[in-house]
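In what follows, a single structure is set out as structure tokens and then discussed.
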Amino acid sequence: MTLLTYRKMAKQAEKLGLNRLVRLVGSWRGLLVLTYHRIGNAEQCEFDRGVYSTDEATFARQMEFIRRHFEVVSVDDVMRKPADHWKRRQAVLVTFDDGYIDNYEIAFPILKRLDIPALFFVTSGFIDQRSIAWWDEIAWMMRKQYAGVEEDQVDDAIVDVVEKFYEISASESEDYLNRVGDQAQTGRYQGASPVWMNWGMLREMAAAGMSFGGHTVSHPILTRTSTSNWEHELTEGRRRLEEELDVDVQVFSYPVGNPDCFSSDLKQQTAKHYQAAFSCYGGVNQGKAAGSWDRFDLRRWPVYGPMRQFRMTTTWPQLLN
Ligand SMILES: [Zn+2]
């Protein structure tokens, strides 16, 4: 064992020890909301590997960990419990965005086994049209164009092209994808799109106690599209979920969810149709401020990294604020 390895291991052990100590003391109070996208083996995916939050084994450990150490809550709890409730609790809500099929195949059995009532924000157009998401299509093109090139470089190329996509308007997006396909000499993705859940799977999850939230029809970054699109994206996505699943949809999550992905105007419009909306940045919704939480900017932590990272973040989520 080299000195460096030893130091690394010692540092790690020290961190884990501190984690345990802080957990015993109780370091935070409030509501921590976790965001997942895909669960599974990213290396086998021909689409965007960046949307994998973790693999199956780690996800199971993460869920067992929150079951053991925190109060796991449902979205109904978040909507109904009074502010005082959150002042004393370390509550965790588990959420998923977009509607990927591994949410059903991999995450759902684990959630059922541990009795965790997760909240799924579903983009209705993905489920209805079965078409691939633009970020997955771009990743597929780049992966084909740069076949044999080192993974890091492919990832850089994907990030560059995706970043440019964010800069263009919705009306130009098809042209842009056509051009990227031409340049990559792949054309557009024509294959089947086995990446989304279907309504039957979602109904089975609803029957097992899972909850659902709106996540638009077509997953635009709403602040970059014309405000005239907002009403359709906010209401039609919700209508399809309610129609297919026979559930009340009360909450929404802004696509991408960074602070620049929603505005005060968008929050106001969202409030006409939903009781609350979740962003996707920051740390814990602090218990001591529970009476004044912004219900249209409820914070979430997008989960990534190994189990050690998960333990640290759930122990000190206030560091993310
Ligand atoms: Zn999303």
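The values are calculated or read from the model by the stated rules, or taken from the named source; none is laboratory data. Just so it is clear, the model here is predicted, and its values are computed rather than measured. Backbone-built Cβ (ideal geometry, glycine too); neighbour counts: all protein chains shown. Each accessible area value is taken on the protein alone, full model and side chains, heavy atoms only, with ligands, DNA and RNA left out. Shrake-Rupley method; radii C 1.70, N 1.55, O 1.52, S 1.80 Å.
What to note about this one:
- Elements of type helices (runs of 4 or more DSSP H) contained in the stretch 117-167, each with 3 or more residues being of a type in the set (D, E, K, R) and modelled with pLDDT of 95 or more: none
- Hits in the stretch 120-149 - residues which are open to solvent by less than 40 Å² (accessible area, probe 1.4 Å) and basic (Lys, Arg): Arg143
For (1) within 16 Å of the ligand (Cβ to nearest atom); (2) more than 30 Å from Met201 (Cα to Cα), each residue gets a yes or a no:
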| site | (1), (2) |
| --- | --- |
| Pro82 | no, yes |
| Thr123 | yes, no |
| Arg130 | no, no |
| Trp135 | yes, no |
| Glu167 | no, yes |
| Val180 | no, yes |
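- Test: residue in the stretch 243-257 that is within 16 Å of the ligand (Cβ to nearest atom) and surrounded by fewer than 19 Cβ atoms within 10 Å (Cβ to Cβ): no
- Checked against the criterion of being under 24 Å from Ser211 (Cα atoms) and either touching a helix residue (DSSP H, G or I) at 6+ places or on another chain (Cβ under 9 Å) or not assigned by TED's automatic domain parsing to the domain that holds Gly213 (or both), the candidates Ala107, Ala147, Ala139, Ala157 yield just one match: Ala107.
- Checklist (1) away from the ligand (no atom under 15 Å from the Cβ); (2) assigned to a loop (DSSP other than H, G, I, E, B); (3) farther than 23 Å from Lys112 by Cβ applied to Asp265, failing item: (2)
- Residue among Asp98, Asp55, Asp84 that is among the acidic types (Asp, Glu), open to solvent by 20 Å² or more (accessible area, probe 1.4 Å) and within 15 Å of the chain's Cα centre (by Cα): Asp55
- Flag for Gly214 being touching a strand residue (DSSP E or B) at 6+ places or on another chain (Cβ under 6 Å), small (Gly, Ala, Ser) and within 20 Å of Ile132 (Cβ to Cβ): no
- When Thr235, Thr227, Thr223 are screened for being of a type in the set (S, T, N, Q), in the same structural domain as Asp98 (by TED's automatic domain parsing), away from the ligand (no atom under 16 Å from the Cβ) and at pLDDT below 95, only Thr227 passes.
- Yes/no for Arg29 being in contact with a strand residue (DSSP E or B) (Cβ under 7 Å, 6 or more places away or on another chain), at pLDDT 90 or above, among the charged types (D, E, K, R) and within 16 Å of the ligand (Cβ to nearest atom): no
- The residues of the stretch 93-115 that are more than 16 Å from the ligand (Cβ to nearest atom) and either within 20 Å of Ser253 (Cα to Cα) or assigned to a helix (DSSP H, G or I) (or both), listed by number, are Leu93, Tyr104, Glu105, Ile106, Phe108, Pro109, Ile110, Leu111, Lys112, Arg113.
- Output for the stretch 182-220, where each listed residue is touching a Gly at 6+ places or on another chain (Cβ under 7 Å), within 15 Å of the ligand (Cβ to nearest atom) and part of a loop (DSSP other than H, G, I, E, B): Met197, His215, Thr216, Val217, Ser218
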